[in-house]
Amino acid sequence: METTINSTKTIESTKTIESTKASDKNLNSEFWEKLEFNRYGIISMLLLVTGIIGAIAAAFGAHDSLFELALVAFPTIISLAFILAVAPMRAIIYLSVLAIILDLIVLIF
C-alpha cells in the first residue's frame with residue numbers, strides 16, 4: 001500500500017515540476033513579448049548607452065592596441081547594425097549587453 005502512495009506522490013511532484021517549468025516558460029516569453037512591444041523606447045536607450053560607452057572606450061581605452069580597438073568596435077557596431085536592421089529584441093539585447101561589457105573591460109584594464 002505504501003508503494004501506491006509513493007507512486008502517487010511521484011506523479012504529483014512530476015506534475016508540479018512540469019507546471020513550474022511551464023510557468024517559467026510563460027514568464028520568459030512574456031518578458032520578451034513586452035520587450036518587443038516596447039521596442040522603440042528600449043532601442044533609443046540602447047543607442048545612446050551603447051554608442052556613448054563604445055566611443056569612450058575607443059577613445060580612452062583602446063588607443064594603444066589594434067586588438068583592443070577591434071574588441072570595442074566590432075560588438076558595438078554589430079549591435080547598432082542589429083538595431084538598424086530591426087532584428088529580434090532578444091538578439092539586440094544580448095549583443096548590446098556583450099558590447100557594453102567588453103567596452104567596460106577595455107576601459108577598466
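Answer rounded, prolate or oblate for the stretch 39-109, using the Cα gyration tensor with square roots of eigenvalues a ≥ b ≥ c: rounded when a/c is under 1.5, else prolate when a/b is larger than b/c, else oblate.
prolate
Given a cut-off of under 8 Å on Cα pairs at least six residues apart, what relative contact order in percent is computed for the stretch 39-109?
42
Counting Lys and Arg as +1 and Asp and Glu as -1, what is the net charge of the other residues whose Cβ lies under 13 Å from the Cβ of residue 97?
0
Quick one: which of 68-76, 30-38 comes out on top by average Cβ neighbours within 10 Å, and what's the full order, highest first?
By packing density, highest mean first, the sequence is 68-76, 30-38.
So what are the ³J(HN,Hα) numbers for the stretch 102-109, from phi and the Karplus equation (6.51, -1.76, 1.60; θ = phi - 60°), rounded to whole Hz, Gly and Pro as x?
Rounded to whole hertz, the list is 5, 4, 5, 5, 5, 5, 6, 9.
Bear in mind that the values in this text are calculations on the coordinates, not laboratory data. These numbers were taken from a predicted model, which means no experiment stands behind them. Backbone-built Cβ (ideal geometry, glycine too); neighbour counts: all protein chains shown.
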